[in-house]
Every structure is written in structure tokens, then in C-alpha cells.
Amino acid sequence: MVEDSHASWVPPNHPRRESLFIRERLVDGFRDGYVAFQGLIAHGRGECFDYLVGESTIPPALTAERVAAAALLTASHPVISVNGNTATLAPRQIVELSKLINAKLEVNLFYRTREREELIARVLRESGAEEVLGVADDASCTIPELFSERRRVSCRGGIYTADVVLVPLEDGDRTEALRKMGGKTVIAIDLNPLSRTSRAASITIVDNVIRAIPNMIKFAGEMREMPRDELVNMVRNFNNEENLRSVLTFIRDRLSELASKGITLEFPKP
Ligand code: ATP
Ligand code: MG
């Protein structure tokens, strides 16, 4: 359940209460100056795909979350990339996950401004982060073949040198560029299984960031004591193509079932 300052005006029995709270978080982040206009639109697209999966974590997403936790636990230099939407949706959870897996946090923005990157770093620090990379002059290395502001990254052991990068809410272009750099396992969280991000990542989690990060915290906590070999094998045996096919099959079967059962709401006869 998302706890919130909007509880007073969203009716307690509103059927879309949770979704409205989450939307308000985006609006708060926007008003506070660190969620971009475009971030609001991106959220709407995510909501649409969330309907298709039934607004819950589907089995292939759980598998990907488990494998992602294994990849992060066995990484030498794991980094979590944070943008405005992620900072407003799951700030404390992102920091908690970073501590659990010993990952660095790096601000990375498509619509980069000095003000937004500093605000996001502040949100993360207020949520318990000790170090936040990718702010101001720190973001002076560039990802090759990438022309948006997302190419700017920290040279201080962040995304540039990471072996495993978690990119919640990424742009497809950059996911591809990170993969092309070679030597990086790119973990994406994206509700759209058809986006370029989903198709380019090494491990794609088709789930809402709101659910995916807490699941990964749980799995990382449970798997920390597992033998390293077992974790490495979990990652090695994972096939992203197959997992994405399972996602599409799940959505297809769910829609077929809904189409055969009917979906209109029942009301008393006049
Ligand atoms: P791509 O650049 O990967 O081809 P795109 O251009 O269609 O994708 P973008 O606008 O770059 O999409 O990014 C928005 C993506 O983020 C959408 O695919 C959307 O489904 C996803 N998204 C938005 N909000 C969430 C969320 N809360 N959890 C998970 N995914 C989300
Ligand atoms: Mg895009």
C-alpha cells in the first residue's frame, strides 16, 4: 500500500485509490521540479500496460526479479540509475536496495538540468543515500553513440564502469548504447514488453517499479547467503527472449480469458 499525503481527498473506497495515490506522487515530483513533463506522459503509458498485466506481478516478472537480484548480488560494480519518476515513486526502496546489494546510485536524466539532478540527489539523500553520483561536473564521461543528455555519466565508478546496471524506466536508445559498450548486464524495469528498452536489456522486468523494487529487496535479502555459484548459474541460465515471450503469452491468454468471460460491470436491473 502506498502511504500518502493525499489520503484526505481520495475517497477511502475509491476503486482506483492506489493508482490515484501513485499518480499524485508523480504530480508532487513535478511540482517540486524534478519530474519532467515528459515523465508524466511516460507514467500514463506505464499505467496502460499495467492494465494489461492485471496491475500485479505476473510469473515471468517474478522470475526476472529473482534473476536480477542474483545478478546484482554477484556483480563487482553494480550501479542503480535514477531518474525523476523513479525518485518520486520509490526513493526509500531504491536506497534500501542499493545498500542491500552494495550498489552505487547515479542520477541519469533524459531531460537533464542542473536543478533537476540536484533535486533528485537531495531526494535520495533524504531517503538515506550517502553518496549520489552523476550530479553536476561529476557527469562528465560520455556513453559512446548516444546523443541525448542521457549519454552523460559519472566517471567515478558509476554507470560508465559498472558491470551490472539497473535502469528502472529507461529510454530504449540508451539501453542499446549501454549494451553496445559490452561487458555490461543491463537490467530494465519496464511495463511495456514491446519497448526498445525491454527488447534491448539483458534482463527485462515487465512490472511496475512500485512493485518490482520491493520484490527485488525481498529476493536480494533471501538470496544473500546463497552460494555464489548458484547465483551465477541462475543468471547464466536465464533467457530474456524466452521470458519476454512468456510475458506476451501471459497477456494474450489473460485477454482471451477476459474476452470469453465478458468484462462489463453488473448493475441492478431498472
Ligand atoms: P523505448 O524508448 O524503450 O523504446 P518508449 O519510447 O516507448 O520506449 P519511453 O517514453 O522512453 O517509452 O519510456 C516510458 C516507458 O516506461 C514506457 O514503456 C512505460 O511503459 C514505462 N513505465 C512508465 N511508468 C512505469 C512504471 N511505474 N513502472 C514500470 N514501467 C513504467
Ligand atoms: Mg523512449
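Every number here is computed from the coordinates shown, using simple stated rules; none is lab data. Because the structure is a prediction, the values reported are computed rather than measured. Cβ coordinates were reconstructed from backbone atoms using ideal geometry, including for glycine residues, and neighbour counts include every protein chain displayed.
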Margin query: Past the 19 angstrom mark, what percentage of all C-alpha to C-alpha distances in region 1-96 do you count?
Written below: 55 percent
Checklist line | Cα-based Lys proximity count in the chain, under 23 Å, for pairs eight or more positions apart or on separate chains | finding: 6
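How far, in nm, would the chain grow between ARG122 and ARG224 when pulled straight, counting 0.36 nm per residue and subtracting the alpha carbon separation?
Numbers: separation 102, 0.36 × 102 = 36.72 nm, distance 2.90 nm.
33.8 nm is the gain from fully extending ARG122 to ARG224.
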Notebook entry, point to check: Say we join alpha carbon atoms closer than 10 Å with springs in a Gaussian network model of the chain; which of ILE187, ILE22, ILE80 then has the biggest fluctuation?
Noted result: ILE22
Item checked: Sequence of SER98, SER148 once ranked by neighbouring C-beta atoms within 10 Å, starting from the fewest -> SER148, SER98
Notebook entry, point to check: Amide H to amide H, which residues 5 or more places from THR142 or on other chains are under 5 Å from it, using H placed in the peptide plane?
Noted result: VAL153
Check: Given H placed on each backbone N at 1.01 Å, which residues far from ILE80 in sequence or on other chains put an amide H within less than 5 Å of it?
Finding: LYS104, LEU105, GLU106, LEU166
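If we count other beta carbons within 10 Å of each Cβ, what is the order of THR63, THR175, fewest first?
With the fewest neighbours first, THR63, THR175 line up as THR63, THR175.
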Checklist line | Residue order, fewest to most beta carbons within 10 Å, for GLU225, GLU131 | finding: GLU225, GLU131
Note to self: Could you give each residue of region 204-212 its phi-based ³J(HN,Hα) in whole Hz, using Karplus coefficients 6.51, -1.76, 1.60 with θ = phi - 60°, and x for Gly or Pro?
What the structure shows: 10, 9, 8, 7, 6, 3, 4, 9, 5
Next item on the list: Calculate one ³J(HN,Hα) per residue across region 258-268 by plugging θ = phi - 60° into the Karplus curve 6.51 cos²θ - 1.76 cosθ + 1.60, and present them in order as whole Hz with x for glycine and proline.
Entry: 5, 5, 7, 7, x, 10, 6, 7, 8, 10, x
Check: For region 34-152, how big is the tail of P(r) above 22 Å, as a whole percent of Cα pairs?
Finding: 43 percent
Next item on the list: Compute the long axis of helix 59-73 from its Cα atoms, compare it with the longest principal axis of the Cα atoms of the chain, and write down the angle in degrees, 0 to 90, nearest 10.
Entry: 20 degrees
Next item on the list: May I ask you to work out the translational diffusion coefficient for the chain at 4 °C, viscosity 1.567 mPa s, via Stokes-Einstein with Rh from the Kirkwood sum over Cα pairs, reported in whole µm²/s?
Entry: 68 µm²/s
Margin query: For a quick check, take a GNM of the chain with Cα springs below 10 Å and name the residue from SER256, SER246, SER19 with the largest mean-square fluctuation.
Written below: SER256
Next item on the list: With a 4.7 Å Cβ cut-off, tell me which Cys residues in the chain come up empty for a partner.
Entry: CYS48
Note to self: Within region 90-127, name every residue whose backbone N is under 11 Å away from a label modeled 7 Å from Cα of LYS180 along the Cβ vector.
What the structure shows: none
Next item on the list: Can you quote the Å³ per residue value for the convex hull of the Cα atoms in region 159-270, rounded to an integer?
Entry: 157 Å³
